Ligand SMILES: Nc1ncnc2c1ncn2[C@@H]1O[C@H](COP(=O)(O)OP(=O)(O)O)[C@@H](O)[C@H]1O
Ligand SMILES: [Mg+2]
């Protein structure tokens, strides 16, 4: 700033706040700043406010208190987490990530971080006429989320403003949508194997009635179709479940080295029948990421399954696990190793400047994937074989499952492939903050 | 300068910034609603997006107005000047994003008059990349994060790749079944518009970088992908 007001962080808090209000403040139970400003009077008012601050903090969804000019007076814990807000030394709400040296303002404008136009408009209207309003809106990226925001006028100790309370309705909307999609997909995809199954059955009951050999042949076919239907249903259910809570960030930690070793142990016996081998290159020690261990295992298993399936007999599947300082390095090491290959990002996280990543990469030396098909990977039921009219093997849901899991983890996924040389699928996930 | 003047000045700068953020929000929802309208064949939503464009134009005029007033009355320099200039330029890019979203929405109405073409997943995933870019660059503006801006700037090629693939797919469709030429041509321009929204995101990223560091990002970012195969930039 060329012109600057005195740096608020250097002024002692008591001086800036005026009065005694700050003396009993603790970061965990800071009362709304707007209210606090009014409490220069009797001790009783301060006492009541102190009692109310934890209530505001504990509202389960994000809650924000704005003043009459739509500037943020207070934000509860959930709101601070969601929008990366923080209280500065003087008790004002700021964007935690904002660079220093910006003009100290009379309060952070709501529009600076909320942006969604429906709740902003509604907030203005409430400030104007005092009528309580509720609006629904959708946050489309990176993971679609739906919110209902209820806004009501608030008057307290002579000050005027509004209270915005947000509730996450993504789960309801998703479950409705999933139900519709599941029914549509299941009925569409099951029809083909079911028709084949019924045809075989009718043949056994009719023309093949008297021939033991024919009967056995058709029974084997029926069993294959039944298997296929079961796999379809399993994969569809698994996909629906993952999509249902895709908007809920995962908790827990997983060690990629352990997860990949386990997945290889699972796949090795079947692979050995065709002489396919796995080679793992991993760092000594662990490669920890934030995430759901079981789901990350599913990702590894699906990618390893595919690599095995598309490897030639006696081929080698190479697996690499490693660490990366930031997103650029993670993208490079997990998906930019073959200069001649075509490549595509299947999932890209929002850029975060201070995160480290761990990645793994599964490489096969199979037929590769034509460039024109790369952007279709991860679409449900997409299979190159189906496009090219070959007989089917697999459900075409594996990569869709993988993609949704990676998206839920706010991770990234990169594919590179070269026809007749092979394919490499790389996944990178956030590392936990250093303990 | 007396305290109250300084305060008013910094408040004006702050108000300019939040007007840009607010405008970004409107453009963001216009774009995502226009995509939803195409994908879900929702003509009503499309109409809403078209009607809302007026708000975006209004916001741009407001930003321009504030920027001019700040420059005339306050003679900003250094960081302050960059704040004013970048707000102005970002406003121009956002107005274009709004126009492109409106254009996508307008095509929805026409596309819905034809039988559905099974390309919605491709349009959806291309659109998803662009909306992540838009969100990321607006976040970078709000938090004045130059590194995040560089992240957006260097990721534009993802959208280009999706565009090129979708372009080929649409061509195949049209050649196989000439009856689909009408709707496919409209989808092609939807894809083109998404790609151009991606370009505006990189412009905005350049502005954010300039705002924070005072330095320009090098202009000629390597643009891969087959330029020859892409349709002309103009509208039909
Ligand atoms: N490693 C690979 N090499 C070649 N093609 C692959 C590979 N992995 C996936 N694919 C292609 O992507 C399609 C989708 O994969 P996926 O979703 O796992 O379904 P499925 O394995 O059931 O066919 C596959 O059918 C195949 O065409
Ligand atoms: Mg598979």
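A short reminder: the numbers here are calculations on the coordinates, not readings from a lab. Treat the numbers as computed from the prediction; the structure is a model and nothing was measured. Using ideal geometry, Cβ is built from the backbone for each residue, glycine included, and neighbour counts are taken over all protein chains shown.
Helix B:3-40 versus the longest principal axis of chain B: what is the Cα-based angle in degrees, 0 to 90, to the nearest 10? The two axes meet at around 10 degrees.
Panel order for B:204, A:151, by other beta carbons found within 10 Å of each beta carbon, from fewest to most: A:151, B:204.
Cβ crowding within 10 Å, taken as a proxy for footprinting-reagent exposure, orders A:296, A:319 from fewest neighbours to most as A:319, A:296. Computed extension length for residue B:177-residue B:41: 46.8 nm, one decimal, from 0.36 nm per residue of separation with the Cα-Cα distance subtracted.
Shown is the FRET efficiency for residue A:69 and residue B:168, computed with R0 = 45 Å from the Cβ-Cβ distance and rounded to the nearest 0.05: 0.30.
The ranking of A:182, A:218 from fewest to most other beta carbons within 10 Å of each one's beta carbon is A:182, A:218. A straight chain from residue A:384 to residue A:354 at 0.36 nm per residue would run longer than the Cα-Cα distance by 7.0 nm. How large is log10 I(q)/I(0) at q = 0.09 Å⁻¹ when the Debye formula is applied to the Cα atoms of the protein assembly as shown, each weighted equally and without solvent? These q points yield log10 I(q)/I(0) values of -0.85.
Within the listed set B:181, B:123, B:197, the Gaussian network model of chain B (springs between alpha-carbon atoms below 10 Å) gives the highest mean-square fluctuation for B:181. Taken along the Cα-to-beta-carbon direction at a fixed 7 Å, the label points for residue A:190 and residue A:338 span 3.9 nm. When chain B is treated as a GNM with alpha-carbon contacts under 10 Å, the residue of B:27, B:146, B:165 showing the greatest mean-square fluctuation is B:165. I need to check one value: relative contact order of region A:171-247, counting alpha carbon pairs closer than 8 Å and at least 6 residues apart, in percent. Answer for region A:171-247 is 46 percent.
If R0 equals 25 Å, the separation of the Cβ atoms of residue A:205 and residue A:183 corresponds to a calculated FRET efficiency of about 0.25. Between helix B:78-111 and chain B there is an angle of about 20 degrees, using the helix long axis and the longest principal axis of the Cα atoms. Among B:24, B:151, B:91, the residue with the largest mean-square fluctuation in a Gaussian network model of chain B, with springs joining Cα atoms closer than 10 Å, is B:151. Mean residue ellipticity at 222 nm, helices only, chain B: -29000 deg cm²/dmol; runs of at least 4 DSSP H residues each add -39,500 (n - 2.57), and the sum is divided by the number of residues. The Cα center of region A:284-351 and the Cα center of region B:1-78 differ in position by 40 Å.
Calculated from the alpha-carbon coordinates, region A:171-247 shows an Rg and a Dmax of 17.3, 57 Å respectively. The angle separating the long axis of helix B:156-176 from the principal Cα axis of greatest extent in chain B is about 20 degrees.
Modelled this way, with points 7 Å down the Cα-to-C-beta line, the labels at residue B:57 and residue A:96 are 4.2 nm from one another.
A straight line joining the Cα centroids of region B:122-183 and region A:226-241 runs 31 Å. Take every pair of alpha-carbon atoms less than 8 Å apart whose residues are at least six positions apart; their mean separation over the length of region B:3-213 yields a relative contact order of 27 percent.
Plainly put, region A:121-235 has a radius of gyration that is 1.48 times its Kirkwood radius, both from alpha-carbon atoms, as the Rg/Rh ratio.
Remark: relative contact order (region A:249-435) = 27 percent; criterion is Cα-Cα distance under 8 angstrom and separation of 6 or more residues. Treating each Cα of chain B as one equal point scatterer and applying the Debye formula with no solvent, the log10 of I(q)/I(0) at q = 0.10 Å⁻¹ comes out as -0.50.
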